[in-house]
1. Over 33 Å apart: what share of the alpha carbon pairs of the chain falls there, rounded to a whole percent?
2. In which sequence would Arg102, Arg427, Arg207, Arg389 go, from the one with the fewest C-beta neighbours within 10 Å to the one with the most?
3. Got a sec? Which residues in segment 207-232 would a label at Asn363 touch, if it sits 7 Å along Cα→Cβ and we count backbone N under 16 Å?
4. Rounded to the nearest 500, what is the 222 nm mean residue ellipticity of the chain from helices alone, with -39500 (n - 2.57) per DSSP H run of 4+ residues and division by all residues?
5. If you bin the C-alpha pair distances of segment 10-143 every 10 Å from 0, what whole percents do you get?
6. What does the charge add up to near Phe361, with Lys and Arg as +1, Asp and Glu as -1, over the other residues with Cβ less than 14 Å from its Cβ?
7. Find the relative contact order for the chain and round it to a whole percent, using C-alpha pairs within less than 8 Å whose residues are 6+ positions apart.
8. In segment 150-259, what % of DSSP beta bridges are antiparallel (nearest 5)?
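Values in this text are rule-based calculations from the coordinates and carry no lab data. Since the model is a prediction, treat every value here as computed from it, not as a measurement. So basically every Cβ, Gly included, is an ideal-geometry build from the backbone, and we count neighbours across all protein chains shown.
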Amino acid sequence: MPIKNRNVDILALILPEIRDLVKERNFQDLKEVLRKVHSVDLALSWNNLDDKEKPIIFRLLGARKSVELFEDLPIKEQTHIINNLNNEEVTNVLNEMAPDERADLFKDLSEKDITKFIKLLKKEDLEDVRRLMNYQEGTAGSLMTTELVELKKDMSARGAILYIQDNLRTEYNENVYSCYVTDTEHKLLGVVTIQDLLKSPADMLLRDIMISPEFIKIDVNTDISEVANIFKRYDLHDAPIVDNNNIFLGIVTIDDIVDEIEKENTKEIYEIGKMSGGEGEIISYSQSNAFDLVKRRAGWLIFLLVFDFLTGTVLKAFEHSLSSVVALAFFIPMLLDTGGNAGAQTSITIIRGLATGDVSFKNIWKVVKMELCSAIFIGLIIGTVAFARAFLLQKDFMLSVVVGITMVLVALLAIITGVTLPLASKRIGLDPAALAGPITTSIVDVLGLIIYFKIAQMFIPALKF
């Protein structure tokens, strides 16, 4: 019966059987068991295996499945595997990997391992790795694969299909959605989908089938976030990558984009939560330890703690006001927490808008005006609620006025800060999520306290001096 809950650790269900077969060295039955497990499920459950079991199981998977598994494993596991295989086995794995996956592996290897394994590559694969490794991380070039088939405009539909069958490697790792038409200098002329090829009359020429690539072709140096926007806008499964001279260099596929979007979203979530984004690496409790958590969290906590020393300094400066009207202290948590929440709401909205392209410096004034209008209304609403709460608690009209006015101003301050910090971060080339998310609350806390006590000194007779 098929497993309906895909969160179930599939390998863990059959792990006892696998271990028994390994112990008995019954490799024939073990191969049959492994044949029924998808490579993705193997990768997700790989950490459940002992280090001695992993190379044995890897060798029994077969050429194609072992490469698929290898590409889905984290770099630590990939390094462990290739260091436990002989040169012939490593050669098979490296030479059958997708070009982009192979380049990513070599980017993460130590210099010692690079020197060791680069000698095992075919000459053309070695040149490919070196070329792909030169592209800047975070650009279309760092994502693309160069394993592709180029068609010519004078080919017939039937001829193109036969050409693809003859030239596409049987172990080709990417899903084929589109084919690209180039001239003799490899300049991109057009794009034709596999569906269009199959539906077209056998003798129809590609020049009459292909469509212009102008809207979907992507410069090799384009930022990944913009590549993702292009995929979303045109609902693409793949896209051609070109250089400044329109030379066709490779393709980026939707699975690569999904992986990068997941990494970027994970990174932003962690950074907004005041911890290290770790290049989008998910914190897995099954694979991490306490020290990993400390590394990701301690830095920001120390930074924000130092920043929040200012809060104590402000309270010390207004010690007289607090001692004269003790009731002022009752409402500090309410004011600061609400201000922090309002700032976080705004900064997250702006950060997300910057990531999706909905917010840019072209429409910045529209965004600012909209946020300012909302800030005024939100301030008046929560200011009224704060006034009512203060009056019900203390039955002091002037103190309630102070709390209400402060809440309005703190809301305005929080929303303005939530807008300006992400935009300023983006303008100076910093990650808005890394800078604006954590600092917004701290700024609102410090300035909110100053506003609170200054207004109190203006309205409460006992504090006028």
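1. 56 percent
2. Arg427, Arg207, Arg389, Arg102
3. In segment 207-232, the label zone of Asn363 (backbone N under 16 Å from the point 7 Å along Cα→Cβ) covers 229-230.
4. Per the formula, -20500 deg cm²/dmol.
5. 11, 42, 30, 14, 3
6. +3
7. The value is 10 percent.
8. So the antiparallel bridges in segment 150-259 amount to around 75 percent.
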